[in-house]
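Asks: A single structure is presented below for examination.
Read-outs: derived from the displayed coordinates by stated rules, not from any lab. Since the structure is predicted, the reported quantities are computational estimates derived from the model, not experimental observations. So basically every Cβ, Gly included, is an ideal-geometry build from the backbone, and we count neighbours across all protein chains shown.
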Amino acid sequence: MPSTDLLAPGHRTCAGCGPAITIREVLRAAGPDIIVCEATGCMEVTTTPYPESSWKVPWIHVTFENAASVASGVKAALRTQGNDHTQVIALGGDGGMVDIGFAAVSGALERNEDILIITYDNEAYANTGVQRSGATPFGASTTTSPAGEDSIGKPEWKKNLPMIAAAHGCKYVATASPAFAADLQNKIKKALSIKGVKYMHILAPCPIGWRSDSSQTIQIAKAAVQSGMWVLYEIENGNFKRTFTQKTKTVKEYLTPQGRFKHLKDEQIAKMQEHVDNTWKELENLEKSGVNLVRIL
Amino acid sequence: MRTVLEGSRAVAEAVALCEPKVIAAYPITPQTHIVEDLAKMKSDGKLKAEYIESESEFSALSSIIGASATGVRVYTATSSQGLALMHEVLFASAGLRLPLVMTVANRALSAPLNIWNDQQDSISERDSGWIQIYVETNQEAIDSHIHAFKIAENSKVLLPIMVCMDGFFLTHTTEPLDVPEKKDIDKFLPGYVPKYSTLDPKNPKSIGSFVYPQFYINARNDIDVALKNSAEAIKEANRDFGKAFGRSYGDGLIEEYKNDKKITIIAMGSVCGAIRDAIDLRKDAGLLRVRTYRPFPRDDLIKKLSGKSTVLVLDKAVSLGNSGALFSEVRDALYSAKKSSRSASRNSKPSEPCSEKPKVVGFIAGLGGKDITTKDINKMIDSAKKMKDGETEWFE
């Protein structure tokens, strides 16, 4: 049966690629009246091996660090053409959005460009062979933060881009997971119904980088949410609200199927568990408090 | 209309007359007045365009790439460090074959930090695939921006173009200038209609895909062919503009002044004014102004420099560790002319080889805003007579 998906099969991603599943879900929700501006990265090189392309929507790639700037220009051009319906999506991995393209993301957020910025976060520079990124979590062993006699892997905590986006006064910020497809799709639809800049951050497991079984991608994505390692929430007009509130797994249960964490000792895992518990508590308090994250700016 | 304007303001007026739909820019001295003037025109309701106040030059160029790929006319301006920051996107925009127009207010590159004029910024981007026009006067700056949209959008070209004007010497000089009438511009420059697919949900295309070795070299060659072919489009724009407005600049690629002497001075930009003044008072030297550094007017140079005794190349930039880039390329053109009579261009008749290869000497001068006076030009001409072929001197 021919696929009706807007990301056609046959692309060159690895088996069990989390970003590929993520983008398929994003496009299912967004529909065909969109233009995608993508940063250099895994999903760019694997989906457009010239003269083929998996994209059934208009798509442009320019460089690594400018997806949000390209999208700003596309939207401006559409306005001059009297087109007020086509939605523009700036898409990139954590390298392209959290690190090297961070200024472009921040600029577009600050200017309140009428675009949706999406980071598919596989927590490393996977395209170049799994190097550490700003979004790599504490304790993960990557090729540039390898675990060893004198190293526990990455010693810093993950950079929190969704909260940084919220700090720009962005009208809609959401986190999502391909393991919660309905939630992800609802958030995409909601984001695209809002005028102005929107930011979504989607955790997308990478079996190569996370050293996990390619059949377990969705299970691991689900465990990230169930353990509180990845919290699903929305920040709508500054109001923080979790969209999944059950913490049913331990951090250890999330880490165990992933080779990138296998060197961690119990005390380090306990430190991560404590960090997750604290964050969970703080977010719970934030939600209960009704503190408006846009208004306090 | 004859009016007194600052160079930057004049460029802003010319750009506005061409009606770009999307402008994105980031301020940098000495380009800032141009984008300030455009912003003011928009605020006053005189310019109907989207204006993105970018957070960097890198993003400004990226945004007009996105807009151009969506099918509209676009513009930006920069200088020096800003152009250097754009480096990666310059190559990408030429590769994407987008007809972007950008003003470069030529300024020195850091370090040491310096805001004044030389041409190191744009010379350093010579390999990016952009057309480069160097203007001598503010009148030429106005006219060349109008040419620029026509050249870039020519279906045989489809390449980005930078109009290079010397920072401060031109951008900050106020003088009487002719600003064309809107109705005449509209006749000369029709609205932009993209030749190929743009970003359109009704006809989805992928732009900027990943290319394996078997195709990459072909794509690069296509850019080179288009850039060389742009010479004809540049000449045509210069000719047609001349017919409509009564002003033209040599053949579009080069311009000569009293170039019937044994010595020819080759230079680019506003310094050519000082050179004209200097040679007016002596009998032994003429001027050949290079207007387009890319495409490089190789054939014209071979033809025009035949039989000269000495060619003096003045560079306001340097390829550190070697010599001035213009000097190297002029000398290279003449070397090949002697070896072979075959033309470098596939579209023109074979050039005559130089009957005698002239001596070519170089001067590095005017870096970081150091003034080049007529007295300096005279000194250079006198020194050139004593210098050996291939020699370069720094005029500090």
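Asks: Between B:Lys182 and B:Tyr216, what is the label-point separation in nm under the 7 Å Cα-to-beta-carbon projection?
Replies: 4.8 nm
Asks: Pop a pseudo-label 7 angstrom from the Cα along the beta-carbon direction at both B:Asn322 and A:Met163 and give the gap in nm to one decimal.
Replies: 5.2 nm
Asks: Before rounding to the nearest 500, sum -39500 (n - 2.57) across all DSSP H runs of length at least 4 in chain A and divide by the residue total; then give [θ] at 222 nm in deg cm²/dmol.
Replies: It lands at -10000 deg cm²/dmol.
Asks: Quick check for me: using +1 on Lys/Arg Cβ and -1 on Asp/Glu Cβ, what's the dipole size of the range B:138-274 about its Cα centre, in debye to the nearest 20?
Replies: Dipole of the range B:138-274, to the nearest 20 debye: 400 debye.
Asks: Counting other beta carbons within 10 Å of each residue's own, what order do A:Glu236, B:Glu181 fall into, fewest first?
Replies: The most exposed by this proxy come first: B:Glu181, A:Glu236.
Asks: Another question, if that's okay. Based on Cβ point charges of +1 for Lys and Arg and -1 for Asp and Glu, what charge dipole magnitude is obtained for the range B:2-245 about its Cα centre, in debye rounded to the nearest 20?
Replies: Charge dipole of the range B:2-245: 840 debye, to the nearest 20.
Asks: Related question: Using only the alpha carbon atoms of chain A, find the Kirkwood hydrodynamic radius as the inverse mean reciprocal pair distance, in angstroms to one decimal.
Replies: One over the average 1/r among Cα pairs gives 19.3 Å for chain A.
Asks: Given a Förster distance of 41 Å, report the FRET efficiency between A:Ala270 and A:Gln131 from their Cβ-Cβ distance, rounded to the nearest 0.05.
Replies: Computed FRET efficiency for A:Ala270 and A:Gln131 comes out at 0.90.
Asks: Between B:Ser68, B:Pro201, B:Asn221, whose Cα lies farthest towards the positive end of the dipole of chain B when Lys and Arg beta carbons carry +1 and Asp and Glu beta carbons carry -1, centred on the Cα centre?
Replies: About the Cα centre, the residue reaching furthest to the positive side is B:Asn221.
Asks: Right, another one. Could you run the Karplus curve 6.51 cos²θ - 1.76 cosθ + 1.60 with θ = phi - 60° over the range B:358-368 and give me ³J(HN,Hα) per residue in whole Hz, x for Gly and Pro?
Replies: Couplings: x, 6, 10, 10, x, 10, 9, 8, x, 5, x Hz.
Asks: Also: Picking from B:Gly129, B:Leu334, B:Leu287, whose Cα lies most toward the positive end of the charge dipole for chain B (charges on Cβ: Lys, Arg +1; Asp, Glu -1)?
Replies: Value computed over the given set: B:Leu334.
Asks: Residues with amide H under 5 Å of B:Lys261's amide H, sequence separation 5 or more or different chain, H placed in the peptide plane at 1.01 Å from N; which?
Replies: HN-HN under 5 Å from B:Lys261: B:Gly286.
Asks: Here is a further query. Under 1.5 on a/c is rounded, so check that first for the range B:254-395, then, if it is not, pick prolate when a/b is larger than b/c and oblate when it is not; a ≥ b ≥ c are the square roots of the alpha carbon gyration tensor eigenvalues.
Replies: It comes out prolate by the Cα gyration axes.
Asks: OK, next. May I ask for the angle, rounded to the nearest 10°, between helix B:271-280 and the longest principal axis of chain B, with both axes built from Cα atoms and the value confined to 0 to 90°?
Replies: For helix B:271-280, the angle is close to 30 degrees.
Asks: Taking DSSP loops as anything outside H, G, I, E and B, show the longest stretch in chain A free of trypsin sites (Lys or Arg not before Pro) there with at most 11 other beta carbons within 10 Å.
Replies: So the longest stretch without any such site is A:1-194.
Asks: Treating the beta-carbon of each Lys and Arg as +1 and of each Asp and Glu as -1, no other charges, what is the dipole magnitude of the protein assembly as shown about its Cα centre, to the nearest 20 debye?
Replies: Using only the charged Cβ atoms, the result is roughly 1160 debye.
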